[in-house]
Amino acid sequence: MFKDLWIDLDASAINKTGAGTVKRLVGLDAICPMFIGVRAPGMLRTFILELPRDSAPLPEIIPASRGLYFTVQITGDEILPDHASLILSSSAVGYNEIFASIAEDLYSKLHALTKKREVIAGFLSRVRLWQAFFEKQGDDGLSEEAQRGLYGELRFLKDHAFASAHNLETAVLSWTGPRSRQHDFQFGHAAVEIKTSTSKQHQKLQIASEQQLDETTVGKLYLYYLSVALIESGSDNLPSLVDDIRASLSLHTGALSEFNNLLIEAGYIDSQRSKYDSTGYSTRESAVFLVEKDFPRIRENEIRAGVGDVKYSISVAQCRNYEIPVSELAVSIKEVC
């Protein structure tokens, strides 16, 4: 959206004498003026939201995070007397490309709002969403493990949650993994944990905590296992799966908006899709296990006092006695969605 404008701003900031921000007004009809800019001499991209001074939140309302720097400036001039500037900046030049996506997201979500309090609330909400994005991201996009995990969760969402649901928005909201909940999907009292593996023989699944496969905290706990082969430049990759899901939601604007928010929280943005195009996936096997009885796992109440940060692995072969038809899981999904 602002590609050419960023190029112009970068050029102006490079030629600027002394410190300061070169900025341009965007959204002429917005109720709160918005600017994008580049701060010299550091060449950091910036988004600025202007609003009345008495409406400005405290600077510490948004804690510091990797990738972003937030501050509030109280200023005034002849054009905008007694006003405040909410300033969001890239914290390093290396984050400038991602910040371009952040600025476009803020503009697209805020410029049509008609009440100033809605603009402020929307701004703060989107900034927190992008902070969650940076918590999942490495400096060069999602790691291979994170890509594989996200692919598995999206494959389950499309092939099983959507296939069994009557309401696609409810199905999207069942995807709780990006929000760091205890399980990847929650369907009422039933939860689903997704594990995606690329190993060929004697497959083991990595369990992140003593709570992840503790079925005593939910009504039913299912483990969805997906075995995939990596295919160099395969057509079934992470971006293509995202596109397929968006196409399924194209007539459901609420569900699509929520899905896009969850992608950001999961660490995925479209401007980085070229990083993920080269890794394709081919499904070798999928299975559903019901976690119960003597299923190989550790429960939280089995941990001795003083022991924490438990991580362990389980053998897929030892889970086979607990395999159930996928139709049984579909029943739990249909009851909620």
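The values are calculated or read from the model by the stated rules, or taken from the named source; none is laboratory data. These numbers were taken from a predicted model, which means no experiment stands behind them. Glycine also receives a Cβ, built like all others from the backbone with ideal geometry; neighbour counts cover every protein chain displayed.
Residue-wise test of (1) in the same structural domain as residue 66 (by TED's automatic domain parsing); (2) more than 17 Å from residue 27 (Cα to Cα); (3) in contact with a Ser or Thr (Cβ under 9 Å, 6 or more places away or on another chain); (4) touching a residue at least 40 places away in the same chain (Cβ under 8 Å).
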site: 92; (1), (2), (3), (4): yes, yes, no, yes
site: 102; (1), (2), (3), (4): yes, no, yes, yes
site: 116; (1), (2), (3), (4): yes, no, yes, yes
site: 120; (1), (2), (3), (4): yes, no, yes, yes
site: 124; (1), (2), (3), (4): yes, yes, no, yes
site: 132; (1), (2), (3), (4): yes, yes, yes, yes
site: 156; (1), (2), (3), (4): no, yes, yes, yes
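So, residue 156, is that one within 19 Å of the chain's Cα centre (by Cα) and buried (at least 20 other Cβ atoms within 10 Å of the Cβ) or not? Taking the combined requirement at face value, the residue satisfies it. So is residue 242 more than 26 Å from residue 105 (Cα to Cα), out of contact with any Gly (no Cβ under 8 Å at 6 or more places or on another chain) and touching a residue at least 60 places away in the same chain (Cβ under 8 Å) or not? No; evaluated as a whole, the condition is false for this residue. Filtering segment 2-21 for residues that are part of a strand (DSSP E or B) and either surrounded by 15 or more Cβ atoms within 10 Å (Cβ to Cβ) or within 25 Å of the chain's Cα centre (by Cα) (or both) leaves a non-empty set. Could you check segment 220-243 and list, in sequence order, the residues that are within 20 Å of residue 267 (Cα to Cα) and either exposed (fewer than 14 other Cβ atoms within 10 Å of the Cβ) or among the small types (Gly, Ala, Ser) (or both)? Once the filter is applied, which keeps residues that are within 20 Å of residue 267 (Cα to Cα) and either exposed (fewer than 14 other Cβ atoms within 10 Å of the Cβ) or among the small types (Gly, Ala, Ser) (or both), segment 220-243 yields 240, 243.
The set of residues in segment 193-217 being surrounded by 15 or more Cβ atoms within 10 Å (Cβ to Cβ), of a type outside the set (A, V, I, L, M) and in a strand (DSSP E or B) consists of 193, 195, 196, 197, 204. Within segment 1-31, the set of residues being modelled with pLDDT under 90 and not basic (Lys, Arg) comprises 1, 15, 17, 18, 19, 20, 27, 28, 29, 30. Given the condition among the hydroxyl-bearing types (Ser, Thr, Tyr), in contact with a helix residue (DSSP H, G or I) (Cβ under 6 Å, 6 or more places away or on another chain) and part of a helix (DSSP H, G or I), answer yes or no: does some residue in segment 157-176 qualify? Yes: one or more hits.
A single member of 31, 7, 48 is under 23 Å from residue 133 (Cα atoms) and either of a type outside the set (Phe, Trp, Tyr) or touching a Cys at 6+ places or on another chain (Cβ under 7 Å) (or both), and it is 48.
Yes or no, residue by residue, for (1) more than 26 Å from residue 220 (Cα to Cα); (2) within 24 Å of the chain's Cα centre (by Cα):
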residue: 252; (1), (2): yes, yes
residue: 262; (1), (2): no, yes
residue: 268; (1), (2): yes, yes
residue: 275; (1), (2): yes, yes
residue: 279; (1), (2): yes, yes
residue: 294; (1), (2): no, no
residue: 297; (1), (2): no, no
residue: 300; (1), (2): no, no
residue: 303; (1), (2): no, no
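From the list 229, 190, 165, 208, the lone residue that is assigned by TED's automatic domain parsing to the domain that holds residue 253 and touching a Cys at 6+ places or on another chain (Cβ under 7 Å) is 165. Pull up segment 45-55, narrow it to residues that are closer than 24 Å to residue 93 by Cα and in contact with a Gly (Cβ under 9 Å, 6 or more places away or on another chain), then point me to the one that is surrounded by the most Cβ atoms within 10 Å (Cβ to Cβ). Taking the candidates together, the pick is 47.
Taking the numbered list (1) surrounded by 17 or more Cβ atoms within 10 Å (Cβ to Cβ); (2) not in a loop (DSSP other than H, G, I, E, B) in turn, residue 71 passes all entries but (1).
Residues of segment 24-41 that are surrounded by 14 or more Cβ atoms within 10 Å (Cβ to Cβ), of a type outside the set (Val, Ile, Thr) and in a loop (DSSP other than H, G, I, E, B): 27, 30, 32, 33. From the residues in segment 82-122 that are of a type in the set (Asp, Glu) and under 23 Å from the mean Cα position of the chain (by Cα), which one is farthest from residue 41 (Cα to Cα)? The selected residue is 118.
Condition check for residue 58 on (1) over 27 Å from the mean Cα position of the chain (by Cα); (2) under 23 Å from residue 119 (Cα atoms); (3) loosely packed, with under 13 Cβ neighbours inside 10 Å; (4) touching a residue at least 12 places away in the same chain (Cβ under 8 Å): one failure, at (1).
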